[in-house]
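Undergrad: My questions all concern the structure below.
A short reminder: the numbers here are calculations on the coordinates, not readings from a lab. Computed from a prediction, not measured in an experiment: that's the story for all the values here. Cβ placement follows ideal geometry from the backbone for every residue including glycine, while neighbour counts extend to all protein chains displayed.
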Amino acid sequence: MKSSFIVQSWRRRWIAACRQISFKYLFPILILISFVTVLLLDSFTPAIAQLPRQEIRGVWMTNNDFDTLKSRAKVQDAVSQLRRMNFNTIYPVVWNSGYVMHPSAVAQRAGIQPFVYKGSDGHDILADLINQAHRKGLLVIPWFEFGFMAPPTSELALNYPDWFTQKRDGSQTSISAAGEVMWLNPFHPEVQQFITNLVLETLTQYDADGIQFDDHMSLPHEFGYDQYTVALYTQETDNAPPSNPQDADWVKWRADKITAFMVQLNQAVKQRKPQGIFSVAPNYYDFAYNFQLQDWLTWMRQDIVDELIVQIYRPNLQSFVANISRPEIEEAQQIIPTGIGIMTGLRNNPVPMQQIKSQVRAAQERGLGVTFFYYESLWNDALEPLEERQAGFEALFPSPALRARIE
């Protein structure tokens with residue numbers, strides 16, 4: 001009873017005090033309250049930008065994972081382990097070395113002999129992986145790993161020499177992580193149609209959740225001096241291409257052409273599979289644009305990128321943190337699911353678990369997802385014992401973050 005009397009007395013005094021204050025004094029206070037409210041709401045934006053259901057926890061499956069992929073039992077075990085460790089996305093390779101890794105009428109029409117990785121019992125490994133992953137609630141986004149890149153010994157290079165571009169000195173190859181490669185001319189309409197047909201075929205034949213293109217959906221800046229591209233540039237600008245391959249206007253012209261193709265490819269993908277995820281996994285932007293003519297920031301701003309995974313393969317933590325803190329990555333994570341590609345090891349270069357943990361932690365602290373390169377190096381080709389390595393990955397994602405499938 002006493003507390004009720006105190007509250008009522010306080011309310012009467014407050015009302016009386018308010019009546020004694022003129023509106024001209026209250027108005028600035030109301031403005032201040034509104035301003036503080038806006039600031040508080042704005043401060044929550046980064047956290048809201050990437051909800052838990054959007055968090056990318058992925059792994060690439062490469063040619064090095066074929067021993068796993070060819071076996072239904074091993075695929076089942078791999079998918080079960082990934083689900084138990086709260087992964088949510090698998091990116092299996094489907095385009096590598098000038099060949100499609102599944103039955104392809106498009107490739108056969110192009111005169112490319114079948115180069116199909118079939119399972120141990122003759123089954124379609126991509127279909128099997130997708131079916132098993134979907135049963136466990138994981139997304140599967142096929143990965144066009146080689147993009148415009150192909151080895152000079154591939155049937156694609158041998159059968160279609162006019163589809164490939166060259167440097168100013170006439171040479172046609174460069175050295176990549178995959179060895180010596182040639183580059184399909186991304187400005188050539190027949191090349192564009194071929195790549196588009198392969199992508200649409202994959203989305204038609206399989207119940208995939210999208211399609212992914214990485215840093216090879218690009219062109220090293222030294223290239224573009226082939227006859228077709230020189231004629232096109234001259235026609236559009238009334239000038240011959242600059243002798244300096246890093247000339248700003250020449251870089252922009254070629255980058256814009258690749259962007260225009262990616263816009264068309266996105267439209268084709270969305271027409272075939274409207275809810276399909278158009279995923280891009282490039283290098284950090286300055287390098288991607290200036291050295292690979294890959295203007296993925298413009299792609300994102302033109303709303304053709306549904307998720308972004310930036311490859312940051314740095315053993316040094318300080319360098320890693322500097323790269324994942326770039327403003328374009330912060331911009332991306334405000335509008336689309338954004339992750340960082342983290343190296344978990346190569347066959348001849350294993351990565352210690354402590355390095356992986358510190359990089360994942362740095363990404364998570366910034367609200368970023370992660371995707372690991374590649375599956376076998378998670379724990380099969382590692383420095384630590386199997387049990388210790390797997391325990392390390394289990395600790396990275398203590399709770400589930402499944403991504404909803406949209407049929």
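Undergrad: When Lys and Arg each count +1 and Asp and Glu each count -1, what net charge do the other residues less than 10 Å away from Trp253, Cβ to Cβ, add up to?
TA: Charge balance near Trp253 sits at -1.
Undergrad: Hey, another quick one. May I ask you to derive the relative contact order of the chain, considering only C-alpha pairs under 8 Å and at least 6 residues apart, and to give it as an integer percent?
TA: Relative contact order for the chain comes out at 18 percent.
Undergrad: Rounded to whole Å, give me the distance from the Cα center of segment 326-376 to that of segment 82-127.
TA: The distance from the Cα centre of segment 326-376 to that of segment 82-127 comes to 25 Å.
Undergrad: Follow-up. In µm²/s, what is D for the chain at 4 °C and 1.567 mPa s, where D = kT/(6 pi eta Rh) by Stokes-Einstein and Rh is the Kirkwood radius from Cα pairs?
TA: 55 µm²/s
Undergrad: Additional query: Testing the spin-label approximation: label points 7 Å from Cα along Cα→Cβ at Lys357 and Ala105. State their distance in nm.
TA: Going by the 7 Å Cα→Cβ label model, 5.2 nm.
Undergrad: I'd like the antiparallel share, as a percent to the nearest 5, of DSSP beta bridges with both residues in the chain.
TA: If we restrict to bridges inside the chain, about 30 percent are antiparallel.
Undergrad: So, R0 is 35 Å and r is the distance between the beta-carbons of Asp286 and Arg405; what FRET efficiency does that work out to, to 0.05? Working shown, then result.
TA: Details: r = 35 Å, r/R0 = 1.00.
It comes out at approximately 0.50.
Undergrad: Could you work out how far apart the two model spin labels at Gln271 and Ala395 are, taking each label as a point 7 Å from the Cα in the direction of the beta carbon, and quote it in nm?
TA: 5.2 nm
Undergrad: Provide the gained length on full extension for the span Asn63 to Thr153, in nm with one decimal, where the gain is 0.36 nm per separating residue minus the Cα-Cα distance.
TA: Between Asn63 and Thr153, full extension yields 30.6 nm more.
Undergrad: List the equivalent ellipsoid semi-axes of segment 310-381 in whole Å, largest first, each obtained as the square root of 5λ for an eigenvalue λ of the Cα gyration tensor.
TA: The three semi-axes for segment 310-381 are 22, 12, 9 Å.
Undergrad: From the alpha carbon gyration tensor of segment 300-349, can you work out the equivalent ellipsoid semi-axes (sqrt of 5 times each eigenvalue) and give them in Å, largest to smallest?
TA: Largest first, segment 300-349 gives 24, 14, 6 Å.
Undergrad: Run through every distinct alpha carbon pair of segment 140-273 and return the Kirkwood hydrodynamic radius in angstroms, one decimal place.
TA: 15.7 Å
Undergrad: From zero outward in steps of 10 Å, how is the percent of C-alpha pairs of segment 105-196 spread across the bins?
TA: Using 10 Å bins, I get a P(r) of 13, 37, 29, 17, 4, 0 for segment 105-196.
Undergrad: Can I ask one more? Starting from segment 361-407, pick out the trypsin sites (Lys or Arg not before Pro) whose DSSP state is loop and whose Cβ has at most 14 other Cβ atoms within 10 Å. Intermediate values should be presented prior to the final figure.
TA: Working: sites: Arg361, Arg366, Arg389, Arg403, Arg405; in loops: Arg366, Arg403, Arg405.
Filter output for segment 361-407: Arg405.
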